[in-house]
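Visitor: Following this message is one structure expressed as structure tokens.
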Amino acid sequence: MEFPTHGGDTLSMRSFAGRPLLLNFWATWCPPCIEEMPLLDRFYAENHVNGWQVLGLAVDQRAAVTRFLTQTPVQFPVALAGMAGVELSRSLGNQGGGLPFTVVFDGTGQVAQRKIGRVDTQDLQEWRDLR
């Protein structure tokens with residue numbers, strides 16, 4: 001599965017294989033999504049050297065995402081999910097389509113955790129030790 005980035009590149013989900021991944025579905029119009037962005041960015045900054053990856057999949061319009069990331073840049077990659085992202089989210093357990101929705105994959109690609117709603121520091125501390 002591939003998704004376009006807000007900058008016009010293409011991001012392949014296969015590029016994340018083999019290492020733990022925190023996958024976050026979000027949108028610029030979702031206040032809890034915006035509130036957790038700095039926390040996710042800090043998690044990535046502190047843990048990418050230990051193999052952790054973070055990917056933001058925006059269920060939103062390119063212009064809105066670009067505007068948001070210009071004002072609030074993050075270090076981790078962000079892609080535009082569109083309807084394919086909604087379907088992926090549902091296939092990963094988010095039947096109601098709520099945002100934010102976070103899925104943690106271990107290094108073998110298996111789902112280790114899921115959370116609908118805003119993540120907090122405690123969630124990230126617990127997930128960090130999953131590998």
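The values are calculated or read from the model by the stated rules, or taken from the named source; none is laboratory data. Values in this document were obtained by computation on a predicted structure and should not be read as measured data. Positions of Cβ are generated from backbone atoms using ideal geometry, with glycine treated the same way; all protein chains shown enter the neighbour counts.
Yes/no per residue for (1) surrounded by 13 or more Cβ atoms within 10 Å (Cβ to Cβ); (2) of a type in the set (D, E, K, R):
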residue: Asp9; (1), (2): no, yes
residue: Gly18; (1), (2): no, no
residue: Leu21; (1), (2): yes, no
residue: Asn24; (1), (2): yes, no
residue: Trp29; (1), (2): yes, no
residue: Ala58; (1), (2): yes, no
residue: Phe76; (1), (2): yes, no
residue: Gln95; (1), (2): no, no
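Visitor: Next up: Please specify each residue of segment 73-88 satisfying the condition of being modelled with pLDDT of 95 or more and over 11 Å from Leu55 (Cβ atoms).
Guide: Listed by number, the residues that qualify are Pro73, Gln75, Leu80.
Visitor: In contact (Cβ under 8 Å) with a residue 60 or more places away in the chain, under 21 Å from Ser15 (Cα atoms), of a type outside the set (S, T, N, Q) and exposed (fewer than 14 other Cβ atoms within 10 Å of the Cβ): is that true of Gly51 in this structure?
Guide: Spelling it out, Gly51 is indeed in contact (Cβ under 8 Å) with a residue 60 or more places away in the chain, under 21 Å from Ser15 (Cα atoms), of a type outside the set (S, T, N, Q) and exposed (fewer than 14 other Cβ atoms within 10 Å of the Cβ).
Visitor: With respect to Arg14, is the statement that it is assigned to a helix (DSSP H, G or I) and under 14 Å from the mean Cα position of the chain (by Cα) true?
Guide: Here the answer is no, as Arg14 does not meet what is asked.
Visitor: Hey, does segment 3-14 have a residue that's farther than 19 Å from Val119 by Cβ and in contact with a Lys or Arg (Cβ under 7 Å, 6 or more places away or on another chain)? Talk me through it step by step, then tell me what you get.
Guide: So in segment 3-14, the residues farther than 19 Å from Val119 by Cβ come out as 3-14.
Filter once more, keeping what is in contact with a Lys or Arg (Cβ under 7 Å, 6 or more places away or on another chain): 6.
For segment 3-14, residues farther than 19 Å from Val119 by Cβ and in contact with a Lys or Arg (Cβ under 7 Å, 6 or more places away or on another chain): present.
Visitor: Check whether at least one residue in segment 111-127 is surrounded by fewer than 17 Cβ atoms within 10 Å (Cβ to Cβ), closer than 19 Å to Ser12 by Cα and modelled with pLDDT of 95 or more, and report yes or no.
Guide: Yes, the conditions are met somewhere in segment 111-127.
Visitor: Among the numbered criteria (1) part of a loop (DSSP other than H, G, I, E, B); (2) farther than 19 Å from Val119 by Cα; (3) polar (S, T, N, Q), which single criterion is violated by Thr28?
Guide: (2)
Visitor: I'm checking my understanding of the structure. Among residues of segment 78-87 that are touching a residue at least 12 places away in the same chain (Cβ under 8 Å) and farther than 13 Å from Gly7 by Cβ, which one is surrounded by the fewest Cβ atoms within 10 Å (Cβ to Cβ)?
Guide: Ala84
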